[in-house]
């Protein structure tokens, strides 16, 4: 059942503000001295907001950072390099509105023999009304879920993320298990149940857009949980998969909202929401903390340990979602051909 308190942009923001003051079992973020030398990180949507803050944090720790974006190339990368003092920052074009761009991004990484240790599926869109991509799929569904599903699976299948489940490219030592981090939202708890048959073709307007934002997060979380199970055996974890809601973050995700609503939301963001750099700290913890080396399918709400909505763990829905997502991609590419 959807939470009635999260049915409009304003009530969603107020709910997010309330979450700031709720406490649970918390984690301690990694200190600035914790190093990631030799690690390669890929961050989607890294040209602004949380993705940009992650790029700066990881670069400061000595990681090689690949900023996958559709805009501000090379300006955003130059800015991250300047702030972090790192010369290990590169940008790569990725437009999740176009599935062909996902192919090109993966092909470029493969051609450069890049092996990703840490993948941050960060990019997201919040639209005021449904619209459709050139592949004929609803845009928020494609950006917030389906293109992410495709990108992650391609990185695994091509061995760009080292693994033995999908790509036979050598043993990954336990203390070097790659990690995939999904940036989610606790609005997934407000969502309706996943409608497998309608996935990719849903319609909404400004009155219901916030609900669909949460809906695509429960879809993404369900995929993340299924992926975590597929990438583990009784003997070992092949690739760790974790999910985090970074809490209410002052970003530009509401840029397409109507002007008056956008101005009000910006004011609330400025007054009450966390800065991207502060919100990045628990994300980096989830991606790099040594105590998580032998763990997978963890969920954090900012710095608080929490369980996902139990619907994300339904094995039947997880399997059906995977099959439907694969079918949608096959149909999209067949249409293009």
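Can you go through 53, 46, 100 and tell me which one is in contact with a helix residue (DSSP H, G or I) (Cβ under 6 Å, 6 or more places away or on another chain), in contact (Cβ under 8 Å) with a residue 60 or more places away in the chain and part of a helix (DSSP H, G or I)? Full working, then the answer.
Details: 46 fails: part of a helix (DSSP H, G or I); 100 fails: in contact with a helix residue (DSSP H, G or I) (Cβ under 6 Å, 6 or more places away or on another chain).
Result of the check over 53, 46, 100: 53.
Sort out which residues of segment 319-337 are free of Cβ contacts under 8 Å to residues at least 60 places away in the same chain and either in a helix (DSSP H, G or I) or in contact with a helix residue (DSSP H, G or I) (Cβ under 8 Å, 6 or more places away or on another chain) (or both), and write them in order of number.
323, 326, 327, 330, 331, 334
Let me confirm something: among 168, 135, 142, which residue is modelled with pLDDT of 95 or more and either assigned to a loop (DSSP other than H, G, I, E, B) or crowded, with 24+ Cβ neighbours inside 10 Å (or both)?
142
Need pairs with beta-carbon distance below 6 Å; first residue touching a residue at least 24 places away in the same chain (Cβ under 8 Å) and at positive phi and within segment 300-315, second surrounded by 22 or more Cβ atoms within 10 Å (Cβ to Cβ) and in a helix (DSSP H, G or I); sequence gap 6+ or separate chains.
Listed pairs, sorted by first residue: 302/282.
Please verify whether segment 34-49 includes one or more residues that are over 22 Å from residue 113 (Cα atoms) and in contact with a strand residue (DSSP E or B) (Cβ under 6 Å, 6 or more places away or on another chain).
yes
Of all residues in segment 183-205, which are part of a loop (DSSP other than H, G, I, E, B) and either under 29 Å from residue 280 (Cα atoms) or in contact with a helix residue (DSSP H, G or I) (Cβ under 7 Å, 6 or more places away or on another chain) (or both)?
Of the residues in segment 183-205, the ones part of a loop (DSSP other than H, G, I, E, B) are 184-185, 191-205.
The answer is 184, 185, 191, 192, 193, 194, 196, 199, 200, 202, 204.
Kindly indicate the residue of segment 282-318 that is under 19 Å from residue 215 (Cβ atoms) and part of a helix (DSSP H, G or I) and also nearest to the chain's Cα centre (by Cα) among those meeting that condition.
Restricting to residues being under 19 Å from residue 215 (Cβ atoms) and part of a helix (DSSP H, G or I), the top hit is 312.
Take the residues in segment 231-246 that are outside any loop (DSSP other than H, G, I, E, B) and in contact with a strand residue (DSSP E or B) (Cβ under 9 Å, 6 or more places away or on another chain), then tell me which one is farthest from residue 289 (Cα to Cα).
Narrowing segment 231-246 to residues outside any loop (DSSP other than H, G, I, E, B): 232, 237, 240-245.
The next check asks that each one be in contact with a strand residue (DSSP E or B) (Cβ under 9 Å, 6 or more places away or on another chain); those that pass are 232, 240-245.
Working: 232: 19, 240: 12, 241: 13, 242: 12, 243: 14, 244: 14, 245: 17 Å.
Here the answer is 232.
So which residues in segment 67-97 are touching a strand residue (DSSP E or B) at 6+ places or on another chain (Cβ under 9 Å) and part of a loop (DSSP other than H, G, I, E, B)?
Residues satisfying the conditions are 70, 72, 73, 74, 86, 88, 94, 95, 96.
With respect to residue 153, is the statement that it is surrounded by fewer than 24 Cβ atoms within 10 Å (Cβ to Cβ), closer than 28 Å to residue 236 by Cα and out of contact with any helix residue (DSSP H, G or I) (no Cβ under 8 Å at 6 or more places or on another chain) true? Quick ask: steps written out before the conclusion?
Numbers: surrounded by fewer than 24 Cβ atoms within 10 Å (Cβ to Cβ): yes; closer than 28 Å to residue 236 by Cα: yes; out of contact with any helix residue (DSSP H, G or I) (no Cβ under 8 Å at 6 or more places or on another chain): yes.
In short, yes.
Quick one: which of 218, 161, 180 is modelled with pLDDT of 95 or more and in a loop (DSSP other than H, G, I, E, B)?
Working: 218 fails: in a loop (DSSP other than H, G, I, E, B); 180 fails: in a loop (DSSP other than H, G, I, E, B).
Sole residue among the options that is modelled with pLDDT of 95 or more and in a loop (DSSP other than H, G, I, E, B): 161.
Taking the options 149, 120, name whichever one is under 20 Å from the mean Cα position of the chain (by Cα) and in a strand (DSSP E or B).
Numbers: 149 fails: in a strand (DSSP E or B).
Just a single option satisfies the conditions, and that option is 120.
The values are calculated or read from the model by the stated rules, or taken from the named source; none is laboratory data. Small disclaimer: the values here were computed from a predicted structure and weren't measured. With ideal geometry, Cβ positions are generated from the backbone for all residues, glycine too; neighbour counts draw on all protein chains shown.
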